[in-house]
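K.L.:
Quick one: structure below, then a few questions.
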Amino acid sequence: MANTMSARDAVSASLAECYITLDGNTYNFMQAINLEATIEKTKSEVPILGKTGKGNKSTGWTGSGSATFHYNTSLFRELLYNYKETGQDMYFDIKVTNEDPTSSVGKQTVFLKGCNMNGGVLAKFDADAEYLDEEMEFTFEDFEIQTKFTNLPGM
């Protein structure tokens, strides 16, 4: 009999915590709707004598992400305004923990370091919407996996 994953081990999409640390202050980013951070490896093609094709060697990486959150904080607009006024760019850290008590995989915590906004919404309204949200694109310079999910039985 093949091992299969139990449905209860799918991690709930909304059972997460997100904290932002900016200038020594930590904020519970409860207005987040979603966040995704990814890395893209930089690769170089490597010519190899005796082969007709080239190999690929990883030479680095870049980190980027996006988040959608309720339009009910001025925190990020203040960062953009400060940059406009002073030229001083602000970096922040984001810590995301996924933990579903029903799942046997436990929790995972990822810490994104040196996050920097690509831009942002300054003002917004929508007379036809149920609520306002906004999106933010960002980059990050480093990351840690502070807590890892436990492997499922049979994996």
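K.L.:
Of all the residues that make up the range 20-30, how many are buried (at least 17 other Cβ atoms within 10 Å of the Cβ) and under 15 Å from the mean Cα position of the chain (by Cα)?
P.N.:
Here the count works out to 2.
K.L.:
Please give the strands (runs of 3 or more DSSP E) falling wholly within the range 43-155 in which 3 or more residues are over 22 Å from the mean Cα position of the chain (by Cα) and either exposed (fewer than 11 other Cβ atoms within 10 Å of the Cβ) or modelled with pLDDT of 95 or more (or both).
P.N.:
Strands (runs of 3 or more DSSP E) meeting the threshold: 55-70.
K.L.:
Of Ala16, Ala37, Ala32, which residue is touching a residue at least 24 places away in the same chain (Cβ under 8 Å), aliphatic (A, V, I, L, M) and over 17 Å from Met117 (Cα atoms)?
P.N.:
Among Ala16, Ala37, Ala32, only Ala16 is touching a residue at least 24 places away in the same chain (Cβ under 8 Å), aliphatic (A, V, I, L, M) and over 17 Å from Met117 (Cα atoms).
K.L.:
Hey, can you tell me all the residues within the range 6-19 that are loosely packed, with under 14 Cβ neighbours inside 10 Å and more than 27 Å from Phe92 (Cα to Cα)?
P.N.:
Ser6, Ala7, Arg8, Ala10
K.L.:
Could I ask something else about it? Cβ-Cβ under 8 Å, sequence separation 6+ or interchain: first residue in the range 74-93 and touching a residue at least 24 places away in the same chain (Cβ under 8 Å), partner assigned to a strand (DSSP E or B) and among the basic types (Lys, Arg). Which pairs?
P.N.:
Listed by first residue and then by second, the contacts come to Asp93/Lys113.
The values are calculated or read from the model by the stated rules, or taken from the named source; none is laboratory data. Keep in mind that what you see is a predicted model, and the values were worked out from it rather than measured. Note that we place each Cβ from the backbone using ideal geometry, even for glycine, and neighbour counts take in every protein chain shown.
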